1. Among T135, T161, T177, which is without any contact (Cβ under 8 Å) to a residue 40 or more places away in the chain and of a type outside the set (K, R)?
2. Tell me the strands (runs of 3 or more DSSP E) entirely within segment 30-123 that contain at least 2 residues that are surrounded by 21 or more Cβ atoms within 10 Å (Cβ to Cβ) and within 16 Å of the chain's Cα centre (by Cα).
3. When segment 148-167 is examined, which residues are found to be aliphatic (A, V, I, L, M), within 30 Å of C110 (Cα to Cα) and out of contact with any Phe, Trp or Tyr (no Cβ under 7 Å at 6 or more places or on another chain)?
4. Return the residue satisfying two criteria in turn: it lies in segment 93-130 and is among the hydrophobic types (A, V, I, L, M, F, W, C) and without any contact (Cβ under 8 Å) to a residue 24 or more places away in the chain, and of such residues it is nearest to T34 (Cα to Cα).
5. Can you find a residue that is in contact with an Asp or Glu (Cβ under 6 Å, 6 or more places away or on another chain) and within 30 Å of K166 (Cα to Cα) anywhere in segment 57-67?
6. Do we have any residue at all in segment 12-28 that's within 25 Å of F152 (Cα to Cα), of a type outside the set (S, T, N, Q), in contact (Cβ under 8 Å) with a residue 60 or more places away in the chain and assigned to a helix (DSSP H, G or I)?
Amino acid sequence: MAGILADWEIKERIKIVPFADQLARPGVISYGVTSYGYDVRVDRHFKVFTNAHCAIVDPKAFDAKSFIDVEADSCLIPPNSFALAETVEYLEIPRDILCVCVGKSTYARCGIIVNVTPLEPEWRGRVTIEISNTTPLPARIYAGEGIAQILFFKADQMCETSYADKKGKYQDQKGLTLPFVLQTKEK
């Protein structure tokens, strides 16, 4: 890896729609371009984990009844639980860039952990994120405000096989996407 992209390189190299220059906004958890990354916002649609239907969490046979849908300006995540959400921003990652996403310190200091797997070269879409409430209390998440920072790492050379080349299963996902495993084709 050659290094991390600076703010001016992010504006030139990464497609982010909508793009926000300004970072600090009074009364709002910050979002927008940073020195070496971009703070993304969480959208208004949340899937909050619930055990109301006694579903089993199985990544190979995920039951959508494991979640309830919430569409609002904020979302309460129950104690020791989590929610899925997606970013407001749509991103297109160049072939020589790898992205790592980390949670914002404002939420981390409240026991709220954000998890996103790396965004591979040539990945496109709105990012699905997991928001974990590690506390014994309900936690509020604010839609339209910052949730995580994406760091952009530039490689010395183009990757041999990109996410687009592999026809990655989460490429161009439409809406908040639950986990799934592709099934093998029967002969």
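A short reminder: the numbers here are calculations on the coordinates, not readings from a lab. Source: prediction; values computed, not measured. Cβ placement follows ideal geometry from the backbone for every residue including glycine, while neighbour counts extend to all protein chains displayed.
1. Only one candidate qualifies: T161.
2. Filter on segment 30-123 gives 37-49, 81-92, 97-103, 112-115.
3. Listed by number, the list holds a single entry, A148.
4. Here is the first cut: in segment 93-130, the ones among the hydrophobic types (A, V, I, L, M, F, W, C) are 93, 97-102, 108, 110, 112-114, 116, 119, 123, 127, 129.
So of that shortlist, the ones also without any contact (Cβ under 8 Å) to a residue 24 or more places away in the chain come out as 108, 113.
Working: A108: 18, I113: 20 Å.
By that ranking, first place goes to A108.
5. No, segment 57-67 has no match at all.
6. Among the residues of segment 12-28, at least one is within 25 Å of F152 (Cα to Cα), of a type outside the set (S, T, N, Q), in contact (Cβ under 8 Å) with a residue 60 or more places away in the chain and assigned to a helix (DSSP H, G or I), which makes the answer yes.
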